[in-house]
1. Looking only at the range 36-49, filter to residues that are loosely packed, with under 14 Cβ neighbours inside 10 Å and part of a helix (DSSP H, G or I); which one of those is modelled with the highest pLDDT?
2. Checking D105 against (1) charged (D, E, K, R); (2) touching a His at 6+ places or on another chain (Cβ under 9 Å); (3) free of Cβ contacts under 8 Å to residues at least 12 places away in the same chain: exactly one of these is not met. Which one?
3. What tally of residues in the range 49-74 results from selecting those that are closer than 19 Å to L207 by Cβ, of a type outside the set (S, T, N, Q) and under 23 Å from the mean Cα position of the chain (by Cα)?
4. Please indicate, with yes or no, whether at least one residue in the range 93-110 is under 22 Å from the mean Cα position of the chain (by Cα), under 18 Å from T148 (Cβ atoms) and not hydrophobic (A, V, I, L, M, F, W, C).
5. Which of (1) under 16 Å from the mean Cα position of the chain (by Cα); (2) over 28 Å from Q80 (Cα atoms); (3) free of Cβ contacts under 8 Å to residues at least 60 places away in the same chain is the odd one out, the single condition N176 does not satisfy?
6. Please find, among V39, V74, V110, the residue that is within 26 Å of M180 (Cβ to Cβ) and among the β-branched types (V, I, T).
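The values are calculated or read from the model by the stated rules, or taken from the named source; none is laboratory data. Quantities reported herein were computed from a predicted structural model and do not represent experimental measurements. Glycine also receives a Cβ, built like all others from the backbone with ideal geometry; neighbour counts cover every protein chain displayed.
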Amino acid sequence: MYEAKSKEIVLRRVREALAKSAPFLPPTPDFSSPLHQQVPLEDMSIVFAENFIKNAGVFVYCENEEDFFDQLYVYKQEQQLQHLYVWEPNLQKAIYQAGIDFVADEENFVPGADAGLTTCEALITRTGSILVSSANAGGRRLSVYPTTHLVIAKASQLVPDIKDGLQRVRDKYKENFPSMVSLVSGPSRTADIEKTLVMGAHGPKQLVLFLIDDLPH
């Protein structure tokens, strides 16, 4: 008798629950929509520069390639960079024609590299980061060992976010995707020891970007 009564109570509660209206369900989120606010194309260089500088990077705007050579020469003189390593053939040729001294071989590279000059794959506007890979002649080392990492890039390499930069790498190299792709966001730093920030702990103490404006005006 008791068991039948208990069963009746349970069934009644089930019927009451089914009679009620369904609870409100929130709409399914659109995972294809951008998470962050879109930056207009004409403002991307400004937003990138602001974020890059926040990361303690040194930003140098260049009106064109000739201006880049002038800016590089001045920076090299002001910072007294005696050994500027350049391993990418196209960069070597251009810098040689501009009359700027550089080191093309690897002799005394690790102990004597004041600075290394490399290209990059893309510039990530939202984070102010530089996307580099092992695909160029600088490989993995030229952006890590020298005290100063100099990067030359063009405004046309600006992309909104990280996924856009990775897609650009996929489109460029296809099945020969680089073995290393990395984001560089300012000088090397760590706060592992007693939460004290140390700059240049495991890599360059200074990151300098020369951005050549190649966009139509």
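1. The extreme case among them is I46.
2. The number of the failed condition is (2).
3. Residues that pass the stated criteria total 14.
4. Checked against the condition, which is being under 22 Å from the mean Cα position of the chain (by Cα), under 18 Å from T148 (Cβ atoms) and not hydrophobic (A, V, I, L, M, F, W, C), the range 93-110 yields no hits at all.
5. Condition not satisfied by N176: (1).
6. Checking each option against the conditions leaves just V110.
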